[in-house]
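This report refers to the structure that appears directly beneath it.
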Amino acid sequence: MKITIVYKDLSLQSVNTVSFGNKTQRVSLSIVNEAYPKTPESEFLFSQFGTMHLVSPLLPSHIETVGFSLVKPVRELIQKMYRSCGKQAPHITHTGEETRVPKRKRAQLRKEFSIIPFSGGKDGLYHYVKEKEAKRVPHLVHVRNMNLAASSSETEWSLKLAQFLKEHLDIAHLKNGTPKNGFDTMRSRDVFLVALMVPYAITYSAQNIVIEGFADEGEHECFSGQEKHMIAFNKLLNDLGFPVRVRWYNISEWQVFKYLIEAYPKHLAHTSSCFAYPPLKNRMQRKDCWPKYPHFPFFKSQCGACFKCYMANLARIVFDGRFSCPEHEVTRYIEAADKWVKKKIRTKGHYFADRSLLHLLEVAKEKMKPT
Ligand SMILES: [Zn+2]
């Protein structure tokens, strides 16, 4: 399969249709809001790492770019991504002018400023409070449509949480015309997300970009979810003349919950980490989940019974000394979580055998055992 890509104004489009599953379509990726910093640097980064993100769910055997080219280190990174998926490295060609890294005075970035990709969930909150504790100044940036399934509610909750924190929230509005290929789109996600943050780092003179850590990295982890690839990508950015420091805290998801429950319980209640898309969430709240546990203190953002909701609520049951709910309801909730996880692992596979979720389940079951 060959894909031919044209770049213009923070927008990448395929000229030809590409096939995925039993469909064919043109694919595209664009930043559509005026507020996104538009500079030679941001255009360069978008064309390079946007191309990587555009091809990542499809992995075509031939990538042709028109009017721009992929610079050597980016070509090598893309080839590495293919090989990590067990695919042969693609043939990469271009027509028209060769792209060069924009030359400018090296940006003076300050180590006390940080950029935090923010989607209204617990991780962005955790990074925010940790940066504050370390006396750094965090700037919050939300990428709309990074996660297609939950994008509208993510934006809503990012705004609400930023308002609660009394912080300004920058929004990069992404329009993603790539087929939803489930976890395949995660292959390049973290690399692309960081690349979208770099223009904000330059705008705010921030040296740090704080992303999720890799403590829960499993053997099936996707390409950009692996720590070694993020380390290499950080070096690549530096070599290209973007002296940012991509940083992360390597602690497990359950430890993030424990920390926030103990130190910032009110903040946590303002987060959203639910995987259900809005109509489903609505049905779960009205009918399929909440009414089964009439006294259970669900957060407003929760459906109550998805991967993320189970994780958050099990953590609250385990770590929150002020958690108030009749014991029989808590026990039933834990049983439901246990059944759900076992079924998912059986039917959907390894992704659901998440270390943090399994750990929380065990501790919660232990806690509720009759003594
Ligand atoms: Zn949920």
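What do you get for the angle between helix 189-203 and the principal long axis of the chain? Use alpha-carbon atoms, 0 to 90 degrees, nearest ten. Value to nearest ten degrees: 70.
Across the chain, Cα-Cα pairs more than 32 Å apart make up 35 percent of the total. Subtracting the Cα-Cα distance of Asn22 and His220 from 0.36 nm times their residue separation leaves 68.7 nm of extension gain.
Cβ under 12 Å from Ala134's Cβ, Ala134 left aside: what net charge do those residues give with Lys, Arg +1 and Asp, Glu -1? If you can, show how the numbers build up before the last one.
On the way: positive: Lys111, Lys130, Lys132, Lys135, Arg136, Arg247; negative: Glu112, Glu131, Glu133.
Summing Lys and Arg as +1 and Asp and Glu as -1 gives +3.
Can you work out the FRET efficiency for the pair Phe323 and His350, with r the C-beta to C-beta distance and R0 = 41 Å, to the nearest 0.05?
Numbers: r = 30 Å, r/R0 = 0.74.
Once the sixth-power term is evaluated, E becomes 0.85.
Please give the contour-minus-distance gain from Phe164 to Ser252: 0.36 nm per residue of separation, less the Cα-Cα distance, rounded to one decimal in nm.
Working: separation 88, 0.36 × 88 = 31.68 nm, distance 2.52 nm.
Residue separation times 0.36 nm, minus the Cα-Cα distance, leaves 29.2 nm.
In sequence order, segment 47-63 has phi-based couplings of 5, 6, 7, x, 4, 4, 6, 5, 7, 4, x, 9, 6, x, 7, 9, 10 Hz under the Karplus curve 6.51 cos²θ - 1.76 cosθ + 1.60, θ = phi - 60°, and Gly or Pro positions carry x. Distances over 21 Å make up what percent of all Cα-Cα pairs in segment 110-248? For segment 110-248, the fraction of Cα-Cα distances above 21 Å is 42 percent. Size descriptors for segment 158-315: radius of gyration and Dmax over Cα atoms are 18.0, 56 Å. Any of Lys228/Lys266; Lys122/Lys344; Lys23/Lys342; Lys72/Lys228; Lys281/Lys344; Lys160/Lys367 with alpha carbons more than 25 Å apart? Name them for me. Too far apart for the 25 Å limit: Lys228/Lys266; Lys23/Lys342; Lys160/Lys367.
What Kirkwood Rh does segment 2-95 have if only Cα atoms enter the pairwise 1/r average? Answer in Å.
13.6 Å
For chymotrypsin sites (Phe, Trp or Tyr not before Pro), no site in segment 67-145 is both called loop by DSSP and has at most 10 other Cβ atoms within 10 Å. Amide H contacts for Arg110 (H built 1.01 Å from N in the peptide plane; partners 5 or more residues away or on another chain; cut-off under 5 Å): Ala206, Gln207.
By the beta-carbon count within 10 Å of each Cβ, the least crowded to most crowded order of Glu262, Glu41, Glu221, fewest first, is Glu262, Glu221, Glu41. Here's how it looks for Val101: its modeled amide H is under 5 Å from none belonging to a residue 5 or more places away or on a different chain. Only helices enter this figure: runs of n ≥ 4 DSSP H residues, each worth -39500 (n - 2.57), summed and divided by the residues of the chain, yield -13000 deg cm²/dmol at 222 nm to the nearest 500. Taking Cα atoms only, the orientation of helix 253-263 departs from the longest principal axis of the chain by about 60 degrees. Enter the angle in degrees (range 0 to 90, nearest 10) between the Cα long axis of helix 72-84 and the first principal axis of the Cα atoms of the chain, meaning the one along which they spread out most. In the chain, helix 72-84 runs at an angle near 40 degrees to the longest axis. Calculated from the alpha-carbon coordinates, segment 253-368 shows an Rg and a Dmax of 13.3, 37 Å respectively. Around the amide H of Arg247, modelled in the peptide plane, lie the amide H atoms of Ile209, Val210, Ile211, all under 5 Å away and 5 or more residues distant in sequence or on another chain.
Within 10 Å of each candidate Cβ there may be at most 14 other Cβ atoms; applying that plus a DSSP loop requirement, which trypsin sites (Lys or Arg not before Pro) in segment 60-130 survive? Could the numbers behind the result be given before it?
Working: sites: Arg75, Lys80, Arg83, Lys87, Arg100, Lys103, Arg104, Lys105, Arg106, Arg110, Lys111, Lys122, Lys130; in loops: Lys87, Arg100, Lys103, Arg104, Lys105, Arg106.
When the trypsin sites (Lys or Arg not before Pro) of segment 60-130 are filtered for loop state and at most 14 Cβ neighbours within 10 Å, Lys87, Arg100, Lys103, Arg104, Lys105, Arg106 remain.
Between Trp290 and His62, the FRET efficiency estimated from the beta carbon spacing at R0 = 51 angstrom works out to 0.50.
Going by how many other Cβ atoms sit within 10 Å of their own, how do Lys38, Lys266, Lys287 line up, fewest first? Each step should come with its number before you reach the end.
Details: Lys38 14, Lys266 7, Lys287 10.
So the residues, fewest neighbours to most, are Lys266, Lys287, Lys38.
Computed from the coordinates by the stated procedures, all read-outs in this text should not be read as laboratory data. These numbers come from a predicted model, not from an experiment. Cβ atoms come from the backbone with ideal geometry, glycine included; neighbour counts cover every protein chain shown.
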